[in-house]
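*Asks:* Quick one: the structure is below, and I'll ask about it shortly.
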């Protein structure tokens with residue numbers, strides 16, 4: 001292993017991560033009063049998280065149908081304000097059962 005290279009890469013990643021978080025704090029000293037900008041900034045983390053996880057949800061199983069089934073169950077349960085553990089376990093169970101059914105039927 002090349003330890004100096006690993007340490008340099010880790011330092012550069014830490015610096016980039018810090019700069020991304022620190023620059024907005026340095027540039028925007030006053031409170032943002034524009035309601036459109038505030039609402040945009042409020043929803044950005046949810047949109048980014050959704051964009052990052054959605055493709056993996058569909059590709060996390062062996063078949064697309066099992067991923068879609070689990071996603072739909074999670075969507076319905078989340079819409080009904082069920083808890084995170086209930087949503088996650090139910091979606092996982094439905095995806096697993098769907099994949100097993102498709103395996104035995106196909």
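The values are calculated or read from the model by the stated rules, or taken from the named source; none is laboratory data. What you are looking at is a predicted structure, and each value in this text was computed from that prediction instead of being measured. Cβ sites come from the backbone with ideal geometry, for glycine too, and all protein chains shown count toward neighbours.
Okay, residues lined up against (1) loosely packed, with under 11 Cβ neighbours inside 10 Å; (2) over 17 Å from the mean Cα position of the chain (by Cα); (3) in a helix (DSSP H, G or I):
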| position | (1), (2), (3) |
| --- | --- |
| 11 | yes, yes, yes |
| 17 | yes, yes, yes |
| 21 | yes, yes, yes |
| 57 | no, no, yes |
| 62 | no, yes, no |
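*Asks:* Additional query: When you scan region 23-31, do you find a residue that is in a helix (DSSP H, G or I), at pLDDT 85 or above, surrounded by 10 or more Cβ atoms within 10 Å (Cβ to Cβ) and out of contact with any strand residue (DSSP E or B) (no Cβ under 8 Å at 6 or more places or on another chain), even just one?
*Replies:* As a first pass, look at region 23-31 and keep what is in a helix (DSSP H, G or I): 23-27.
Still in the running and at pLDDT 85 or above: 23.
Going one step further and asking which of them are surrounded by 10 or more Cβ atoms within 10 Å (Cβ to Cβ), we end up with 23.
Subsequent filtering for residues that are out of contact with any strand residue (DSSP E or B) (no Cβ under 8 Å at 6 or more places or on another chain) retains 23.
Yes, there is a match, as at least one residue in region 23-31 is in a helix (DSSP H, G or I), at pLDDT 85 or above, surrounded by 10 or more Cβ atoms within 10 Å (Cβ to Cβ) and out of contact with any strand residue (DSSP E or B) (no Cβ under 8 Å at 6 or more places or on another chain).
*Asks:* OK, next. Can residue 85 be described as surrounded by 12 or more Cβ atoms within 10 Å (Cβ to Cβ) and either touching a helix residue (DSSP H, G or I) at 6+ places or on another chain (Cβ under 7 Å) or under 30 Å from residue 101 (Cβ atoms) (or both)?
*Replies:* no
*Asks:* If you don't mind, there's one more thing I want to ask. Is at least one residue of region 91-99 assigned to a helix (DSSP H, G or I), surrounded by fewer than 13 Cβ atoms within 10 Å (Cβ to Cβ) and under 15 Å from the mean Cα position of the chain (by Cα)?
*Replies:* No, there is no match, as no residue in region 91-99 is assigned to a helix (DSSP H, G or I), surrounded by fewer than 13 Cβ atoms within 10 Å (Cβ to Cβ) and under 15 Å from the mean Cα position of the chain (by Cα).
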